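Structure, as structure tokens:
The values are calculated or read from the model by the stated rules, or taken from the named source; none is laboratory data. Small disclaimer: the values here were computed from a predicted structure and weren't measured. Glycine gets a Cβ as well: all are built from the backbone with ideal geometry, and neighbour counts include every protein chain shown.
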Amino acid sequence: MSDKKRRLKLVVVGAVVLALVVAIGIGARKGKVQLTSSNNKDLIELRVPTYKTCASTAWVVADKKGFLEKEGLKIVYTGELVASQVLPSVLNENNDVGTAQPNMLAIAKAGGAQVTAVARQQIEPPANVDPVFRHMRFYASPTSGIKSIDDLKNYKLGQKIKTDGTANSCNQFLFNTLLDKAGVARERFEWVTFTNDIAVIQSTSQGILDVAQIHPPYYKSAEDAGLVLIADSTDTALGESAGASMYYFRDDFIKNNPEVIKKFIRAMVAAQKWSNEHPAEALSLTADWIKVPVTGVHYFATTSEIKEEDLIPWIKDLENSGALKPGQIKPADLITRAFEKVAL
């Protein structure tokens, strides 16, 4: 069994992305994909951030239920990263694949990042699916008096309202959509970055944050802390687009390893279908992985095809906020259709 050598590559991207790369100091690594051995089977290694967040379930199911091994693949976890570090780690070849919402990927592409989405991961579930599988929930401390998004209109007038999230994330897009619907000014909010939702819940309970933006599988933790549910992602009225996320790879990786990409997509979509169909066991696997009680996980796409209409609201929001110029990035710029029929 031999390792294929990685070729050193300099990735040039926009100033924002480049600054992130330098800041986290992730060095480039060589080669394409590697072979490893497991139970006398040659498996192709894919390096992945150690997701211990809402993004965990699909990876854990694909790994623990054998969907990746069936396709001849093996995940190599490289360590936990905050959301803003994942893209630089993929660009610098410390990781091979990441997941992203459409707005983050659009900003990256606008900055020159050579990455492309290959398949869907999460979507917002239909209304008839248990609400614990919705993409996000928004909570407040019971001592704040906030019981709905509308209550934020007159809350802490003249002061900044603190919430968690990073620029061009699902937190920002979905929360801003709810604020716009309620007529609450976006500029009244201060955004604070956290590494995980447990820290967000604790900070909200302590009064450091005013509004907690929480993903599954941490809804139970928020409820156990006594936080008050004030809205969820379905309230945005965006349909399945409210939960949109995608798997992406570097463009050179896609070009050099198309068969690996196909194997990966088949494995992940199979895991996503299984998770939707076996929610109790998916919950259990996720809880074992992240070491906290779980009552809900994300709802997943059951085909690989990325729907351009699901990307439009995310891009339009970036245009409305001035992060992108109108027409600067189109949905087709973010995705490849080379693999859309791999898992239908």
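Some values worked out for this structure:
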| item | result |
| --- | --- |
| Residue 220 among the basic types (Lys, Arg), touching a residue at least 60 places away in the same chain (Cβ under 8 Å) and more than 23 Å from residue 170 (Cβ to Cβ) | no |
| Output for segment 213-250, where each listed residue is of a type in the set (S, T, N, Q) and within 19 Å of the chain's Cα centre (by Cα) | 213, 233, 234, 236, 241, 245 |
| The lone exception for residue 86 - which of (1) of a type in the set (Val, Ile, Thr); (2) under 19 Å from residue 285 (Cα atoms); (3) out of contact with any Asp or Glu (no Cβ under 6 Å at 6 or more places or on another chain) it fails | (2) |
| Search result, residues across segment 168-188 that are of a type in the set (A, V, I, L, M) and either touching a strand residue (DSSP E or B) at 6+ places or on another chain (Cβ under 6 Å) or in contact (Cβ under 8 Å) with a residue 40 or more places away in the chain (or both) | 174, 178 |
| Unmet requirement for residue 149, which otherwise passes all of (1) buried (at least 18 other Cβ atoms within 10 Å of the Cβ); (2) under 23 Å from residue 244 (Cβ atoms); (3) more than 21 Å from the chain's Cα centre (by Cα); (4) without any contact (Cβ under 8 Å) to a residue 60 or more places away in the chain | (4) |
| Residue check for residue 233: in contact with a helix residue (DSSP H, G or I) (Cβ under 6 Å, 6 or more places away or on another chain), within 25 Å of residue 338 (Cα to Cα) and in contact (Cβ under 8 Å) with a residue 60 or more places away in the chain | no |
| Residue within segment 251-261 that is in a loop (DSSP other than H, G, I, E, B), more than 19 Å from the chain's Cα centre (by Cα) and outside the structural domain of residue 51 (by TED's automatic domain parsing) present | no |
| Residue selected from segment 302-333 under the condition among the basic types (Lys, Arg) and part of a loop (DSSP other than H, G, I, E, B), by the criterion surrounded by the fewest Cβ atoms within 10 Å (Cβ to Cβ) | 325 |
